[in-house]
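First the structure, in the form of structure tokens, and then the observations on it.
Just so you know, all these numbers are worked out from the coordinates, no wet-lab data involved. Everything quoted here is computed from the prediction, not taken from an experiment. All Cβ positions, even for glycine, are placed from backbone atoms using ideal geometry, and neighbour counts span all protein chains on display.
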Amino acid sequence: MTLATHIAIAGAISKPLLAGGMGPLGLFIVSVSSHYLADTIPHYDYKLRYFVDEGEVAPPFKLGDFLIRDVGKVAGDALLGIILIFLVTGIPFTFLSILHWSPVIIGATLPDLLQAVRWVVPGALIDKIQKVQEFVHARKLSWGTGSVLSQTIILLLALGATRLF
């Protein structure tokens, strides 16, 4: 699932909790949980060039290509989610509002970001977190009209729910 969709889903769930006074730790936990829950829905995951699955071979590393293709794709995806949350909720984009929403944004994206960390800094704890991610993760849809449509529908539903609360 795209990071934008994860952020939108966590935003929809967290908006009433944030308004109700839930603290940063609670918002973070709710957002991480929403990530795992959302990943149980079959969906499309875009492919990154340098972060490959087991059994695949990454191309020779080129920093510029990595920054443009992988880091750029992930950063653009997360930025889209952040912008959409602020647009849909009507919350002004200020330093304070970003600070209030940061546990939601970080929690919603952390499980996927830890996958990237796992390739760079392997460790037993990160491996266990990855096993949880693999356990809850539904089958991945292949690239096509249906997979793009399903991702779009999930994103629009989450944004619509954010607007309602």
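Tabulated values for the structure
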| item | result |
| --- | --- |
| Per-residue Cβ neighbour rank within 10 angstrom, fewest leading, His100, His43 | His100, His43 |
| Cα shape, the chain, gyration tensor, a/c 1.5 rule | prolate |
| Amide H partners (placed H, <5 Å) of His43, local residues excluded | Leu141 |
| Helix 95-120 axis, angle to the chain major axis (alpha carbon atoms, nearest 10°) | 20 |
| Listed residues Gly90, Ala158, Tyr44: farthest to the positive end of the dipole of the chain (Cβ charges) | Gly90 |
| Residue-by-residue Karplus 3J(HN,Hα) for segment 77-87, coefficients 6.51, -1.76, 1.60, Hz, glycine and proline x | 4, 5, 4, 4, x, 5, 4, 4, 4, 5, 5 |
| Given charges at Cβ of Lys, Arg, Asp, Glu: the chain dipole, positive-most of Pro24, Val71, Ala116 | Pro24 |
| Magnitude of the charge dipole, segment 3-164, Cβ model with Lys/Arg +1 and Asp/Glu -1, debye to 20 | 220 |
| Crossing angle, helix 3-19 versus the chain [Cα axis fit, 0-90 degrees, rounded to tens] | 30 |
| Angle in degrees between helix 145-164 and the longest Cα principal axis of the chain, rounded to the nearest 10 | 30 |
| For the chain, built as a Gaussian network whose Cα springs stay under 10 Å, the top-fluctuating residue of Pro59, Pro103, Pro16 | Pro59 |
| Tally of Lys pairs whose C-alpha atoms are under 19 Å apart, taken over the chain, 8 or more apart or cross-chain | 6 |
